Amino acid sequence: MTTTEQRLAAIRGGVPARRHNARTIAALTGNPGCTRRAVLDGAGVDKPRLAERIGFPARFGQSRFAISRGNAFEAQVKADGGAELLRLVAERLGVTPDAPATWTDLNADDLTQRHERSRDLLAAVDDTSPALFDHPLLSLEIAGQRVYLEPDLVATRLAGRYHVVEIKSFPVVDGQADPGKVAAAAIQSAVYVLALRELLAAAGHDPELVSADVVLICPRDFANQPVASLVDVRRQLLVLRRQLARMARLDALLARVPEDFTADPAAEPAALVAALGSVEAHYAPDCLAACELAFFCRHEARGHTAALGRPVREALGGVADVAEALALADGDHLGEPDQAEAAALLRAAARLRAEALAGRPT
């Protein structure tokens, strides 16, 4: 009998599984209903390589300039043993530290030793002075793989809690930041919160000691002056737990996948396209910012209402085809009984559009 591990290896074509990081784990939550993505990520398939092989290469990622700018801003915020950083975090939490924070740099080359040291130091819960841990190494199990994660900073013993601190280089202008970038930072931070809670639970401590309020530090008004904000990641934690639990049940997912399904990079592109088409996808425009196969899935979904976004798909109920939706709007097609509500909505929209066009000045 083929074991789950053997089948996952066969899906990858025998190549080593690609390891996740905080960004890829965070991206998993963007489309939790997509079986195709869950199977590929559970198997550890190299999706960028797969997308390039089938002719739909991924077109997103951080530029070298953005990475350099982020590193410079982080170094500035952490200068002088984190004195300014402690002030920002404490001020945002509404507390006054009784003593200067201790600073522990957990950067090291050896991952195993670094992870063990991070675990031992972070699990040492006490009521002494506040502590700042620079780049601790946490871990989570993703589909049977132990994945190492590296938050920018963890602040402990401030307001009696642990707080994940994320430092981002996108600006806060007039008190507002780009909603998409804040959302991405929130889900990435939720990954760290979950990993830190699991670390404390494994050490016999209350995981709720880790606050769901993440401290996000960004430059203010395009300058280098840092400003701190609190981001509540409780909703992101719920979504993250559900998706990780789903990926842990790989046997159930694989039961919905053809036995000969493959993402072997050595296979012919046509064979890979046919294989991908045999596994259910759940494309939405949001995928373009989070999944390496999004351009392929968008091409595949052309002509379907799903390609217009989740709000449209949900509003149209069981109307899956754009041509059918247009026929319903024109009144040329009555539709099925379960499409009555969507048909009425489409006809009302078509009537309003006609009235608006009729009243438009020429």
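The values are calculated or read from the model by the stated rules, or taken from the named source; none is laboratory data. Computed from a predicted model, the values in this text were never measured in an experiment. Note that we place each Cβ from the backbone using ideal geometry, even for glycine, and neighbour counts take in every protein chain shown. Accessible surface is based on the protein model in full, side chains and every heavy atom, while ligands, DNA and RNA are left aside. Shrake-Rupley method; radii C 1.70, N 1.55, O 1.52, S 1.80 Å.
Numbers for the structure displayed
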| quantity | calculated |
| --- | --- |
| Close pairs (6 angstrom Cβ cut-off, 6 or more residues apart or separate chains): farther than 16 Å from Val45 by Cβ in region 251-269, open to solvent by 20 Å² or more (accessible area, probe 1.4 Å) and modelled with pLDDT under 90 anywhere | Asp251/Thr4 |
| Complete set of residues in region 240-257 that are out of contact with any helix residue (DSSP H, G or I) (no Cβ under 8 Å at 6 or more places or on another chain) and either within 16 Å of Glu52 (Cα to Cα) or in a loop (DSSP other than H, G, I, E, B) (or both) | Arg249, Ala255 |
| Subset of region 199-216 (residues that are assigned to a helix (DSSP H, G or I) and either open to solvent by less than 40 Å² (accessible area, probe 1.4 Å) or of a type in the set (A, V, I, L, M) (or both)) | Leu199, Leu200, Ala201, Ala202, Leu209 |
| Tyr148 vs. criteria open to solvent by 60 Å² or more (accessible area, probe 1.4 Å), of a type in the set (Phe, Trp, Tyr), under 19 Å from Leu244 (Cα atoms) and under 17 Å from the mean Cα position of the chain (by Cα) | yes |
| Selection from region 94-104 of residues that are among the hydrophobic types (A, V, I, L, M, F, W, C) and either in contact with a helix residue (DSSP H, G or I) (Cβ under 6 Å, 6 or more places away or on another chain) or surrounded by 19 or more Cβ atoms within 10 Å (Cβ to Cβ) (or both) | Ala101, Trp103 |
| Complete set of residues in region 7-42 that are farther than 27 Å from Ala184 by Cβ and modelled with pLDDT of 85 or more | Arg7, Leu8, Ala9, Ala10, Ile11, Arg12, Gly13, Val15, Pro16 |
| Residues satisfying the stated conditions in region 217-239, i.e. open to solvent by less than 20 Å² (accessible area, probe 1.4 Å) and assigned to a helix (DSSP H, G or I) | Leu237 |
| Positions within region 149-184 being assigned to a loop (DSSP other than H, G, I, E, B) and either touching a residue at least 60 places away in the same chain (Cβ under 8 Å) or more than 16 Å from Ala228 (Cα to Cα) (or both), in sequence order | Glu150, Pro151, Asp152, Ala159, Gly160, Lys168, Ser169 |
